[in-house]
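Student: Pasting a structure here, questions to come.
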Amino acid sequence: MKRTLLRPLVLANLLLLGAGMGMAGDTSMLRPPKGSKVAIIVFEDLECPDCARAAPLLHEAAKQYNIPLVQYDFPLPMHPWSFDAAVNARYFDTISKKLGDDYRLFIFSNQPTITKANLRGVTERFAADHKVTLPFVIDPMGELSAKVKADAQLGQRVGLDHTPTIYVVSDTVRGKPFVEVVDRSQLYSIIDQAMKDASANPAPHKTASASKSTGT
């Protein structure tokens, strides 16, 4: 399965940053949102072709199992418009979470025709189709950009080296509470096992939270 890999120099810089922060390989956040026993977590880049291929599967799995899909932005430096698209998605999130998710799926489905130069026009078309007036400046205070950067920094702390990076996480107290989904054909079986583990060995309390979980 092809995945978008970070260029060696970029990856080295990210890992050095994570090491400098003293948190490289920190997986403590790989837990379900509060109130959930099992969830899917994905770190994605809106310009990543394999992220576009994975997105419908992840949304469908979350819907079928009635579990959260928690999406984190991890725009790769070699993709010229991915960061701006992530900021746009955050803007639509402020209107409704569903609209933000619809925008992400729209961008994924139109990805081959999008460029940095036409991203604004593509986004305006999406907004008009959903009866939303897109402001001239989407993020005047930089608050949405800060959220995207915070996600990217979180991915650095986890130690990511590709997109999409997909995890099935559970609140089980036995064994690892998370499994990376390397082969997406195994996604459903991994979820089945996570749900069994969570039911058999539940955590006494849940402390994790995820503000961007997709309702199912």
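Student: Among the numbered criteria (1) closer than 20 Å to residue 78 by Cβ; (2) part of a helix (DSSP H, G or I); (3) not β-branched (Val, Ile, Thr), which one does residue 124 miss?
Tutor: Among (1) closer than 20 Å to residue 78 by Cβ; (2) part of a helix (DSSP H, G or I); (3) not β-branched (Val, Ile, Thr), the lone unmet condition for residue 124 is (1).
Student: Related question: Quick check on my filter: what residues within segment 176-192 are touching a residue at least 24 places away in the same chain (Cβ under 8 Å) and out of contact with any strand residue (DSSP E or B) (no Cβ under 7 Å at 6 or more places or on another chain)?
Tutor: 182, 183, 184, 187, 188
Condition check ((1) β-branched (Val, Ile, Thr); (2) in contact with a helix residue (DSSP H, G or I) (Cβ under 7 Å, 6 or more places away or on another chain)) across all residues:
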residue	(1), (2)
153	no, no
158	yes, no
165	yes, no
174	no, yes
181	yes, yes
187	no, yes
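Student: In segment 164-172, is there at least one residue being closer than 20 Å to residue 78 by Cβ and of a type in the set (A, V, I, L, M, F, W, C)?
Tutor: No, segment 164-172 contains no residue that is closer than 20 Å to residue 78 by Cβ and of a type in the set (A, V, I, L, M, F, W, C).
Student: With (1) touching a strand residue (DSSP E or B) at 6+ places or on another chain (Cβ under 8 Å); (2) modelled with pLDDT of 95 or more as the list, and residue 170 as the residue in question, which single condition is left unmet?
Tutor: Tallying (1) touching a strand residue (DSSP E or B) at 6+ places or on another chain (Cβ under 8 Å); (2) modelled with pLDDT of 95 or more, residue 170 fails exactly one: (2).
Student: Consider residue 139 carefully, then state whether it is outside any helix (DSSP H, G or I), acidic (Asp, Glu) and in contact with a helix residue (DSSP H, G or I) (Cβ under 6 Å, 6 or more places away or on another chain).
Tutor: Yes.
Student: Counting only residues that are touching a helix residue (DSSP H, G or I) at 6+ places or on another chain (Cβ under 7 Å) and either of a type outside the set (Asp, Glu) or in a helix (DSSP H, G or I) (or both), how many does segment 38-50 have?
Tutor: Counting residues in segment 38-50 that are touching a helix residue (DSSP H, G or I) at 6+ places or on another chain (Cβ under 7 Å) and either of a type outside the set (Asp, Glu) or in a helix (DSSP H, G or I) (or both) gives 6.
Student: Further question on the same structure: Output the number of the condition that residue 100 fails; it satisfies all remaining conditions of (1) under 22 Å from residue 44 (Cα atoms); (2) in contact (Cβ under 8 Å) with a residue 12 or more places away in the chain; (3) in contact with a helix residue (DSSP H, G or I) (Cβ under 8 Å, 6 or more places away or on another chain).
Tutor: For residue 100, the exception is condition (2).
Student: Identify the residue in segment 112-171 that is surrounded by fewer than 20 Cβ atoms within 10 Å (Cβ to Cβ) and among the polar types (S, T, N, Q) and, among all such residues, is nearest to the chain's Cα centre (by Cα).
Tutor: That would be 153.
Student: Going by what's in this entry, would residue 144 be described as touching a Lys or Arg at 6+ places or on another chain (Cβ under 9 Å), outside any helix (DSSP H, G or I) and either farther than 20 Å from residue 44 by Cβ or modelled with pLDDT of 95 or more (or both)?
Tutor: Judged against the criteria, residue 144 is not a match.
Student: Further, regarding this structure: Do we find a residue being exposed (fewer than 14 other Cβ atoms within 10 Å of the Cβ), of a type in the set (Lys, Arg) and touching a Ser or Thr at 6+ places or on another chain (Cβ under 9 Å) anywhere in segment 87-97?
Tutor: no
Student: Taking the options 64, 71, name whichever one is of a type in the set (S, T, N, Q), crowded, with 18+ Cβ neighbours inside 10 Å and either out of contact with any Phe, Trp or Tyr (no Cβ under 6 Å at 6 or more places or on another chain) or closer than 14 Å to residue 144 by Cβ (or both).
Tutor: On inspection, the qualifying residue turns out to be 71.
The values are calculated or read from the model by the stated rules, or taken from the named source; none is laboratory data. In this text, all values refer to a predicted model and were calculated from it rather than measured experimentally. FYI the Cβ positions are ideal-geometry reconstructions off the backbone, even for glycines, and counts take in every protein chain you see.
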